[in-house]
Amino acid sequence: MSVQLRDVAGELAGVLWREHTVYRERSGGVVIRGEHVRRWISLAPTGGRDEVLVRAGRILDGGTTAPARSEAVVPLSAGTGVLAATCRRLLADAAADVAPVAPGRTAPKRSKRSKRSKRPGKAERPKGPGKHTSFGSWVILACVAGVIALYVYTAMRG
């Protein structure tokens, strides 16, 4: 089945995109990546003999893949044309999920973050007179003062 999926995926990739990468998944399925359109398609065997699970999703910045936005089960005997039409529909669904907001309309508001995540990180914290010196810094200062005092003491004695 995986050899048949690989052959079907190769044909399908050629129909859908000029530039593509086809590779096998660990689970036995096949993935087609269209980097230039920032989309991916996965073909995976199902419990049925002649059926394949088709999933489609986006490729995020940095090359990682987002989870599948939509999926469908298609019989392999239907042919490459039916499979390509199904993939185009799934890819359109994936693209519709991230469509830009029309002018004059507002984007959906993001959920509020927890209070803990609102705190600025270490690099963003204000520095200056209000900053507290940590315990470790006090220990280092005490050691340096002790070494200087020991040097002065031995110099005065000698």
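Each reported figure results from applying straightforward, stated rules to the coordinates on display, with no laboratory input. Note that the coordinates shown come from a computational prediction; the quantities given were computed from them, not determined experimentally. Cβ: placed from backbone, ideal geometry, glycine included. Neighbour counts: every protein chain shown.
Summarising the label geometry, the points placed 7 Å from Cα in the beta-carbon direction at residue 155 and residue 135 lie 3.4 nm from one another.
Can you tally the net charge around residue 46? Count Lys and Arg as +1, Asp and Glu as -1, for every other residue whose Cβ sits under 15 Å from the Cβ of residue 46. Spell out each step's value before the answer.
Details: positive: 49, 55; negative: 25, 50, 51, 71.
Result for the local shell: -2.
Checking every one of the GluC sites (Glu not before Pro) in region 2-92 against DSSP loop status and a limit of 12 other Cβ atoms within 10 Å picks out 19. If the segment from residue 72 to residue 22 were pulled out straight at 0.36 nm per residue, it would be longer than the present Cα-Cα gap by 16.1 nm.
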